[in-house]
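The values are calculated or read from the model by the stated rules, or taken from the named source; none is laboratory data. Nothing here was measured: the structure is a model prediction, and the numbers come from that model. Ideal geometry is used to build each Cβ from the backbone, glycine not excepted, and the neighbour counts take in all protein chains shown. Keep in mind that these areas ignore ligands, DNA and RNA; they rest on the heavy atoms of the full protein, side chains included. Shrake-Rupley method; radii C 1.70, N 1.55, O 1.52, S 1.80 Å.
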Amino acid sequence: MIMELADFNVKERSQWCPGCGNFAIVAAMKGALQELGIPTHQTVISSGIGCSSKLPHYLETYGFEGLHGRTLPVASGIKLANHKLNVIAVGGDGDGYGIGAGHFVHIMRRNYDLVYIVHDNQIYGLTTGQASPTSQLGMKTRTTPNGVVEMPFNPIATAISGGATFVARVFAGDMVHTKEMMKQAITHKGFALLDVFQPCVTFNKLNTYDYFTKRCYKLQDSGHDSANVNAALEKAFEAFNTNYEKIPVGVFFKTERPTYEDLQPQLKEKALVEQDLSGLDITPAYADMM
Ligand code: SF4
Ligand code: MG
């Protein structure tokens, strides 16, 4: 079954604040899945904890809302159990770049064929406005009344150097571009990071729709070569180096390398869930560990 846009009104059912960038993300994801023609029963969306992690509730796919910062371990488990599924992990900047940062770093080395979409609103929204790992220097929040003094985490540079094979960023206010980048991330073979600037209209009064509209420009229009890792890293630091006057969006880096699933001989013939494990005796392996 392909989901129908008309069958579900997220605005009526959601717990998000009116105007939140999360609405654009869920609409873009719905459009991307529809246009790619991926049946709803073949997609699983995992999430952590936070405003963004409610997203699986609002799409007619399979979903799993897990623990804070644990969307990636859940997504990788799903992928290993049935690597034929379209697996999408979602979460926020606090969830994925704070408590979940260890998972983020190690999943990129493995290059599972899955997509990680981070709703990066540069604040902790659900807990009412504390500074997050990506809050900009000088930003005043409930926990930083004199302004953030810590260097913000750079997810794009971390992903490029950490082994991700598709690294992109979008601004949720440009829904058409967001949907197109989601389609590219989903069809990419390997681990794809899509960091989404998602305005939190209630608690982040700095990074607004206007803020991003004035500053974002598309890499695809600037002649950027996404196969060039050095050029990608330079672009990854451009926002910080220009004091956020120029913020590139689009595909920073893209490459090919075998996925983790491809390198597992046990998965060559069929998915784990399709295999008959009834006669399997693990007693010798267990005894070996004692
Ligand atoms: Fe969106 Fe912010 Fe409201 Fe959370 S608190 S739903 S991120 S606007
Ligand atoms: Mg956040």
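Sort largest first and round to whole Å: the equivalent ellipsoid semi-axes of the chain, each the square root of five times a Cα gyration tensor eigenvalue. Please report the intermediate quantities before stating the final value.
Details: eigenvalues 203, 93, 78 Å².
Sorted largest first and rounded, they come to 32, 22, 20 Å.
Pairs from the list LYS189/LYS246; LYS179/LYS270; LYS179/LYS268; LYS79/LYS183 with a Cα-Cα gap above 27 Å: LYS189/LYS246; LYS179/LYS270; LYS179/LYS268. What is the distance in Å between the Cα centroid of the range 128-150 and that of the range 32-56? Cα centres, the range 128-150 to the range 32-56: 30 Å.
Using only the Cα atoms of the range 156-290, build the gyration tensor, take square roots of its eigenvalues as a ≥ b ≥ c, and label the shape rounded, prolate or oblate: rounded if a/c is under 1.5, else prolate if a/b is larger than b/c, else oblate. If you can, show how the numbers build up before the last one.
Values: a/c = 2.69, a/b = 2.31, b/c = 1.16.
In terms of gyration-tensor shape, prolate.
Counting heavy atoms of the protein chains only and a 1.4 Å probe, report the per residue accessible area for the range 104-226 as a whole number of Å². Walk me through the numbers before you get to the answer.
Numbers: 4940 Å² over 123 residues.
Each residue of the range 104-226 exposes 40 Å² on average to a 1.4 Å probe.
Hey, can you rank 166-172, 247-253 by average C-beta count inside 10 Å, highest first?
Numbers: 166-172: 26.7, 247-253: 23.1.
My ranking of the peptides, most packed first, is 166-172, 247-253.
Modelled this way, with points 7 Å down the Cα-to-C-beta line, the labels at GLN220 and ARG109 are 3.4 nm from one another.
In terms of packing, defined here as the mean over residues of other Cβ atoms within 10 angstrom, the peptides 270-276, 124-130 line up highest first as 124-130, 270-276. Here the accessible area is traced with a 1.4 Å probe on the protein chains. For the chain, carbon and sulfur cover 55 percent of it. In the complete set of protein chains, residue-level accessible area for LYS189 is approximately 110 Å², probe 1.4 angstrom. Accessible surface for the range 34-103, divided over its residues, is 34 Å² per residue with a 1.4 Å probe. Rounded to the nearest 10 square angstrom, ASP281 shows an accessible area of 100 square angstrom against a 1.4 Å probe.
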